[in-house]
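The values are calculated or read from the model by the stated rules, or taken from the named source; none is laboratory data. In this text, all values refer to a predicted model and were calculated from it rather than measured experimentally. Cβ placement follows ideal geometry from the backbone for every residue including glycine, while neighbour counts extend to all protein chains displayed. Protein only, heavy atoms only, side chains kept; ligands, DNA and RNA dropped before computing areas. Shrake-Rupley method; radii C 1.70, N 1.55, O 1.52, S 1.80 Å.
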Amino acid sequence: INVSDLVDVSYKRIADVDSKVKAFLTLDEERARDLAKKLDEVDASEKGVLFGMPNGIKDNIVTKGLRTTCSSKILENFDPIYDATVVTKLRGAETVTIGKINMDEFAMGSSNENSAFQVTTNPWNTDYVPGGSSGGSAAAVAAGEVPFALGSDTGGSIRQPAAYCGVVGLKPTYGRVSRYGLVAFASSLDQIGPITRTVEDNAYLLEAIAGHCPADSTSADLPVPPYRESLTGEIKGLRIGVPSEYIGDGVSEEMRKAVFDALNVLEKEGAVWEEVSLPYSKYALAAYYVIASSEASANLARFDGVRYGYRTDNADNLLDMYKNTRAEGFGDEVKRRIMLGTFALSSGYYDAYYKKAQQVRTLIKKDFDDVFTNYDVIIGPTTPTPAFKIGAKTDDPLTMYANDILTIPVNLAGVPALSLPCGFKDGLPLGLQIIGKHFDEATIYRVADVYE
Ligand code: GLN
């Protein structure tokens, strides 16, 4: 099988199923087929592990000359003039990008219903959401359209859709992967990460995209370990903490059972687990929505009709041009976050909201540090329940926000976490979350691989 055949399989599969799944926004077929032809000339001895693999990229990661919309009307016709670092790295690994993938507008959402263009569906049952905001990436992998995809995770946007779609998704440690070329939502939380079918694929892909990047001052100058080598199958004596907050009220019975079943498997392999506590996680959701919205309100100020994308026709002075461009270009959820963030940052309220939220964030980080002095990984469910029906939560932003209660503390602490499939309930996948120490993705992979 050559690369052209692989690429052909992807486009055929997309032609067959994407009218139902609706994962892709833009296909890059001509360039992908040209690249495949070139790769078919490469000598066998020079091929790396990801050689020729087709992939899809979430539409908030910029791709030179390939429309990048963030699923927003305001960037509907935005053609970036450079590639994100992860895109350059994927090209360096001689993979082939098939196209760009749907998401919640500017990565704000948990269901893909906030896309300005289309609602991606869950491939296991198309009446259900695929999760979000990287729901398109998870659905594309689950539906077999591409073997892997990139997503981004600010409060759970890789792990929650991976859980809902029955695939493997990792949010790396903050700083592990360059954010250069990721359209910023909340810069202190955002990370790009791999979504794949297996733990092994995930390890290979992280290795390809991770590493220090001079263009991102928050990327860590640390060596990238060969993650594949951490899949030793060996977890004797490994210590697992299971937070009582992650298996208590609000988490469904089937989810709890799936987690205990997984812990049994790991115990049989020689790991030990104990209940622990992350007491401040009950404040995580509130702190996250203040911090993420505050950063978003600053980051999204750049979309003003002057520099990028959409500009209103309906204005005869500069101020109206700004106002009407933003009023017409942004969707409801994005406006809600901008208003919330602008309010939280305004003088007089800054100390009460933004500063307080940052203090809570420090306490949440300390919760994790405390547990990690005695345990190697923390395990719990990725989400309280399996996927919900399309439309079920659209009228109630707060219930939608509550969906991320188990993923958000991880972003606030900056630690890495992976979701992998751990069962089904009524035909819908359940996700197990494995959380690791800062920059210790290797141990997460080792445990995930033993379980898988
Ligand atoms: N669902 C969360 C939000 O709406 C997380 C999004 C994300 O991780 N990008 O903010």
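Values as computed for the structure displayed
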| item | result |
| --- | --- |
| Members of region 393-452 that are among the basic types (Lys, Arg) and in a loop (DSSP other than H, G, I, E, B) | Lys393, Lys437 |
| Per-region count, region 94-121, residues buried (at least 24 other Cβ atoms within 10 Å of the Cβ), within 16 Å of the ligand (Cβ to nearest atom) and farther than 23 Å from Phe424 by Cα | 11 |
| Residues of region 424-451 that turn out to be under 17 Å from Pro123 (Cβ atoms) and either of a type outside the set (Asp, Glu) or at pLDDT below 95 (or both), as a count | 7 |
| Output for region 182-212, where each listed residue is in a loop (DSSP other than H, G, I, E, B) and away from the ligand (no atom under 16 Å from the Cβ) | Arg197, Thr198, Gly211, His212 |
| Every residue from region 264-319 that is under 27 Å from the mean Cα position of the chain (by Cα), hydrophobic (A, V, I, L, M, F, W, C) and part of a loop (DSSP other than H, G, I, E, B) | Leu278, Phe303 |
| Selected residue [open to solvent by less than 10 Å² (accessible area, probe 1.4 Å), within 12 Å of the ligand (Cβ to nearest atom), within 24 Å of Leu27 (Cβ to Cβ) and part of a loop (DSSP other than H, G, I, E, B)] from Ser152, Ser137, Ser133 | Ser133 |
| Which numbered condition Ser347 fails, given (1) open to solvent by 20 Å² or more (accessible area, probe 1.4 Å); (2) at pLDDT below 95; (3) within 15 Å of the ligand (Cβ to nearest atom) | (3) |
| Number of the exception - Trp124 against (1) among the hydrophobic types (A, V, I, L, M, F, W, C); (2) within 16 Å of the ligand (Cβ to nearest atom); (3) open to solvent by 10 Å² or more (accessible area, probe 1.4 Å) | (2) |
| Filter pass, Lys100 being over 22 Å from Gly136 (Cα atoms), of a type in the set (D, E, K, R) and touching a residue at least 24 places away in the same chain (Cβ under 8 Å) | no |
| Counted residues, region 69-84 - those being of a type outside the set (A, V, I, L, M) and surrounded by fewer than 24 Cβ atoms within 10 Å (Cβ to Cβ) | 8 |
| Region 357-401 - residue that is aliphatic (A, V, I, L, M) and open to solvent by 40 Å² or more (accessible area, probe 1.4 Å) and, of those, farthest from the ligand (Cβ to nearest atom) | Leu363 |
| Filter pass, Gly144 being in contact (Cβ under 8 Å) with a residue 40 or more places away in the chain and within 22 Å of Tyr289 (Cβ to Cβ) | no |
| Complete set of residues in region 195-207 that are under 10 Å from Val177 (Cα atoms) and touching a residue at least 60 places away in the same chain (Cβ under 8 Å) | Leu206 |
| Residues (closer than 19 Å to Phe51 by Cβ and either open to solvent by 10 Å² or more (accessible area, probe 1.4 Å) or touching a Leu at 6+ places or on another chain (Cβ under 6 Å) (or both)) located in region 207-228 | Glu207, Ala208, Val224, Pro226, Tyr227, Arg228 |
| Qualifying residues in region 402-442 (those that are more than 16 Å from the ligand (Cβ to nearest atom) and closer than 17 Å to Pro243 by Cβ) - the one most open to solvent (accessible area, probe 1.4 Å) | Lys437 |
